[in-house]
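Encoded as structure tokens, the structure appears first; notes follow it.
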Amino acid sequence: MFLHALQEHFGFISKDAVEWTASKLGLQPINVHELVTFYPMFRQEPLGRHQIKVCRTLSCALAGAHQVRTFFCKRVGLDPHKHGPQTTSDGHYTVEFVECLASCGTAPVVMVNETFHEQVTVEKAEQILAGCRAT
Amino acid sequence: MPQEHRLILKHADAPGYTPDVECYTRHGGYEALRKALAMIPRDLPDGKKMSPQEQIREDVKLSGLRGRGGAGFSCGIKWSLVDRRSGKPIYLICNADESEPGTFKDRQILHKDPHQLIEGMIISCWANDVKLAYIYIRGEFPAGAKILNHALKEARARGFLGKNILGAGYDLEIHVHRGAGAYICGEETGLIESLEGKRAYPRIKPPYFPAVLGLYMCPTIVNNVETLCAVKHIVSMGGADYARLGTPNNTGTRIVSLSGDVKRPGYYEVEVGKASVGELIFHENFGQGLREGRRLKAIIPGGSSSKVLKAGEKFKLKRKPPDGQMVATDVDLLDLPYDFDSLQSAGTMSGSGAIIVLDDTRSMVDTLSNVSEFYAHESCGQCTPCREGSLWMSKALDRLSNGQGRKQDADYLLHIAQNIQGRTICAFGEACAWPVLSFVKKFKDEFETRGAEQEAARAGAGTAGGASGQ
């Protein structure tokens with residue numbers, strides 16, 4: 001709860017935030033740091049303003065998730081062959097593969113920040129990017 | 001004709017149905033809770049009295065309800081194992097960490113009909129003397145968490161939740177806890193650790209059975225979203241009537257998540273065992289078959305950790321006709337009733353009720369590589385065989401997928417998988433080993449051919465390179 005709130009506010013959980021949290025809760029910093037490193041949704045560095053998470057898991061992969069991620073990477077100038085989250089140098093976009101988003105019936109699915117998109121084709125991905133640029 | 005039987009999803013997709021409390025009560029919502037709270041002690045033949053709470057627990061046992069999260073364990077028995085004499089508080093946790101690949105049923109309930117879950121939870125808590133309950137929802141459902149929190153607020157305002165519920169003198173509070181993207185939090189003891197604010201390292205059983213030593217070392221019940229919703233219907237219609245739905249030992253309705261290579265993927269609520277695997281894939285009321293010109297190759301029947309079934313496989317199924325002896329019959333994969341027991345007889349499981357269909361254009365090597373990458377990413381890292389083994393398997397499969405494989409990789413994969421299963425604290429070991437064991441055993445040719453071809457190609461390239469260098 002606490003870490004979610006910190007991340008929502010700052011966009012990531014810094015070393016200072018970890019130490020501050022630990023002191024407030026009477027814990028050692030390691031007890032908080034080990035949570036930040038364990039849970040994939042907690043970030044240790046700032047990411048892009050629009051975080052594009054493409055589901056990689058089986059049903060989405062069968063429906064073309066790899067093409068969708070490659071499209072996003074190329075369109076915003078990132079290397080589709082690299083693993084892990086990548087952020088554009090202007091800090092606008094982060095593109096990454098994530099594991100199952102539990103909407104396999106409408107694969108492939110993509111989450112942009114907290115907004116959920118279903119049955120994403122390349123055309124739809126183009127619209128999603130247009131939507132990002134507008135905000 | 002096989003068709004849907006919507007009990008839990010009766011209203012969810014109806015036009016104009018909204019997740020707010022007014023809409024829910026307009027459709028008969030919270031009547032089951034009123035009914036439960038108004039029950040009176042029943043006199044037993046021996047002169048003792050059975051409290052309303054005991055009556056509900058008995059009714060849930062009578063209903064035959066089996067957990068909808070994955071293991072299919074009897075809900076009534078789970079509740080009966082709770083230590084009620086310890087003097088410690090009893091907690092109830094709703095497991096809304098839906099994350100088994102292929103599964104997307106709880107999402108529908110959480111987003112479209114949250115009050116049904118809340119009503120099911122309140123009744124379950126009341127029947128088990130629980131005063132504090134949690135909904136552990138996965139981090140990737142931010143909208144779902146908001147909807148739930150709003151619904152809980154509405155329920156409190158209406159007197160369904162909080163102090164002195166509906167004037168019956170019963171107090172209950174429910175809190176929503178958001179996860180943060182770790183699959184292992186769906187394992188009940190991992191979930192409990194996570195809820196306590198720690199890494200979700202599953203606990204060893206014994207001694208840490210949640211029914212005795214669960215959340216904060218107190219007796220705890222962990223039930224899936226769909227299971228708790230079913231409790232509401234059991235109270236509404238009575239356990240005996242609920243047990244008439246479905247088939248013996250596989251009672252009630254179940255939401256099947258269908259995805260992969262079918263024309264109409266989606267979620268279908270059916271009476272358990274009344275539709276066969278083939279009907280779910282091919283019937284016009286469900287998946288409507290494969291795309292033009294494609295043939296069935298395999299299905300993953302119960303979430304990606306269940307063992308794969310190959311098209312054309314035959315299974316020995318034991319059946320007992322109403323009037324006779326148990327007889328074993330040969331059943332084709334497509335005629336297998338989709339229920340807990342039949343899939344277990346077929347050597348796999350119905351798990352979370354998620355079917356992923358694979359057609360003949362799919363490579364089993366690449367499919368397994370995808371599945372194994374998931375498990376390598378999600379292993380919590382507590383037990384060495386799983387932490388290391390899941391990664392080895394994933395690396396070997398990645399090699400095979402990308403032209404660097406060897407013929408012996410098939411046996412290498414089996415060797416690793418066999419050394420993971422049964423050697424870990426939680427069932428994740430099996431979850432990552434079973435897909436590998438079943439894919440490689442049932443499609444061994446495909447794995448060996450792929451490896452052998454890649455070896456030959458490399459050898460060829462090596463000779464050619466050597467020749468040109470001379």
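The values are calculated or read from the model by the stated rules, or taken from the named source; none is laboratory data. These figures come from a predicted structure and were not determined experimentally. No Cβ is skipped: glycine too gets one built from the backbone with ideal geometry, and neighbour counts run over all protein chains shown. The protein model used for the area step is the full one, side chains on, heavy atoms only, and it has no ligands, DNA or RNA in it. Shrake-Rupley method; radii C 1.70, N 1.55, O 1.52, S 1.80 Å.
Just round it to a whole percent: the fraction of Cα-Cα distances in the protein assembly as shown exceeding 48 Å. Could the numbers behind the result be given before it?
Details: 23589 of 182710 pairs.
That tail contains 13 percent of the Cα-Cα pairs.
Would the stretch B:21-243 count as rounded, prolate or oblate if I go by the C-alpha gyration tensor, calling it rounded below 1.5 in a/c and otherwise prolate when a/b exceeds b/c, oblate otherwise? Walk me through the numbers on the way to the answer.
On the way: a/c = 1.57, a/b = 1.19, b/c = 1.32.
It is oblate, given that a/c is not under 1.5 and a/b is not larger than b/c.
Counting other Cβ atoms within 10 Å, which trypsin sites (Lys or Arg not before Pro) in the stretch B:1-54 have at most 14 and lie in a DSSP loop?
B:Lys48
Give me the angle, in degrees from 0 to 90, between the Cα long axis of helix A:65-76 and the longest principal axis of the Cα atoms of chain A, rounded to the nearest 10.
The angle comes out near 80 degrees.
Which whole number gives the average, over all residues in A:51-62, of C-beta atoms from other chains lying within 10 Å of the residue C-beta?
Mean partner-chain Cβ count within 10 Å for A:51-62: 6.
With the convex hull built on the Cα atoms of chain A, state its orientation-averaged projected area in nm².
It is 8.6 nm².
Restricting to the stretch B:1-150, what percent of DSSP beta bridges are antiparallel, rounded to 5?
That works out to approximately 35 percent antiparallel.
Residue by residue through the stretch A:81-98, what is 3J(HN,Hα) from phi via Karplus (6.51 cos²θ - 1.76 cosθ + 1.60, θ = phi - 60°)? Round to whole Hz and write x for glycine and proline.
My calculation for the stretch A:81-98 gives 7, 7, 8, x, x, 10, 10, 5, 5, 7, x, 6, 10, 10, 10, 7, 8, 10 Hz in order.
Going by Cα centres, the stretch B:107-133 and the stretch A:111-127 are how many Å apart?
32
Check each of the chymotrypsin sites (Phe, Trp or Tyr not before Pro) in the stretch A:1-91 and keep only those in coil by DSSP with at most 11 other C-beta atoms within 10 angstrom; list them in order.
Of the chymotrypsin sites (Phe, Trp or Tyr not before Pro), not one in the loops of the stretch A:1-91 has a Cβ with at most 11 other Cβ atoms within 10 Å.
If you take the accessible area of B alone, add that of A alone, and subtract the area of the pair, what total do you get in Å², probe 1.4 Å, to the nearest 100?
It comes to approximately 2900 Å² buried between B and A.
Given R₀ = 60 Å, FRET efficiency for B:Asp43-B:Tyr17 by Cβ-Cβ distance, to 0.05?
Numbers: r = 41 Å, r/R0 = 0.69.
Calculated transfer efficiency: 0.90.
Across the residues of B:368-376, average count of Cβ atoms on other protein chains within 10 Å? Could the numbers behind the result be given before it?
Details: counts 1, 1, 9, 3, 0, 6, 6, 1, 0.
Average per residue, whole number: 3.
Taking every DSSP beta bridge that has both residues in the protein assembly as shown, what percent is antiparallel when rounded to the nearest 5? If you can, show how the numbers build up before the last one.
Numbers: 33 of 60 bridges.
Bridges in the protein assembly as shown are about 55 percent antiparallel.
Which value, in debye to the nearest 20, gives the size of the charge dipole of the stretch A:50-134 about its Cα centre, when Lys and Arg are +1 and Asp and Glu are -1 at the Cβ? Present the calculation step by step, with values, prior to reporting the outcome.
Working: 8 positive and 8 negative charges, 30 e Å.
For the stretch A:50-134, the charge dipole is close to 140 debye.
Which residue, B:Met1, B:Cys94, B:Pro19, has the largest displacement toward the positive end of the dipole of the stretch B:1-101 when charges sit on each Cβ (Lys, Arg +1; Asp, Glu -1)?
Looking along the dipole axis, the top candidate is B:Cys94.
Using protein chains only and a probe of 1.4 angstrom, how many square angstrom of B:His150 are accessible, to the nearest 10?
Estimated to the nearest 10 Å², B:His150 gives 100 Å².
Put a dot 7 Å past each Cα toward the Cβ at A:Glu126 and B:Lys320; how far apart are the dots in nm?
6.3
What is the packing order of peptides B:444-453, B:111-120, taking the mean over residues of other C-beta atoms within 10 Å and listing the highest first?
B:111-120, B:444-453
Over the stretch B:364-454, what lengths in whole Å, largest first, do the semi-axes of the equivalent ellipsoid take, defined as the square roots of 5 times the eigenvalues of the alpha-carbon gyration tensor? Walk me through the numbers on the way to the answer.
Numbers: eigenvalues 96, 29, 20 Å².
They are 22, 12, 10 Å, listed largest first.
What's the Cα-based Rg to Rh of the stretch B:326-377, Rh via Kirkwood?
Ratio of gyration radius to Kirkwood radius for the stretch B:326-377: 1.06.
Taking the 0 to 90 degree range and rounding to the nearest ten, how far is the long axis of helix B:428-442 tilted relative to the main principal axis of chain B, both from C-alpha atoms?
Approximately 40 degrees, to the nearest ten.
Sort B:Trp434, B:Trp392 by accessible area with a 1.4 Å probe, largest first.
On the way: B:Trp434 75, B:Trp392 130 Å².
Sorted descending by solvent-accessible area, the residues read B:Trp392, B:Trp434.
Between the alpha-carbon centers of the stretch B:325-381 and the stretch B:229-277, tell me the distance in whole angstrom.
18
Would you work out the relative contact order for chain B, in percent, from Cα pairs under 8 angstrom that are 6 or more residues apart?
15
How much FRET efficiency would the formula 1/(1 + (r/R0)^6) give for A:Phe12 and B:Asn402, where r is the Cβ-Cβ distance and R0 is 30 Å, rounded to 0.05?
Efficiency computed from Cβ-Cβ geometry: 0.40.
Would you please name the GluC sites (Glu not before Pro) within the stretch B:128-207 that are DSSP coil residues with at most 16 other C-beta atoms within 10 Å of their C-beta?
B:Glu196
Given axes a ≥ b ≥ c from the Cα gyration tensor, I'd like to know whether the stretch B:71-185 is rounded (a/c under 1.5), prolate (a/b larger than b/c) or oblate. Don't skip to the end; give the middle numbers.
Details: a/c = 1.98, a/b = 1.22, b/c = 1.63.
The shape class here is oblate.
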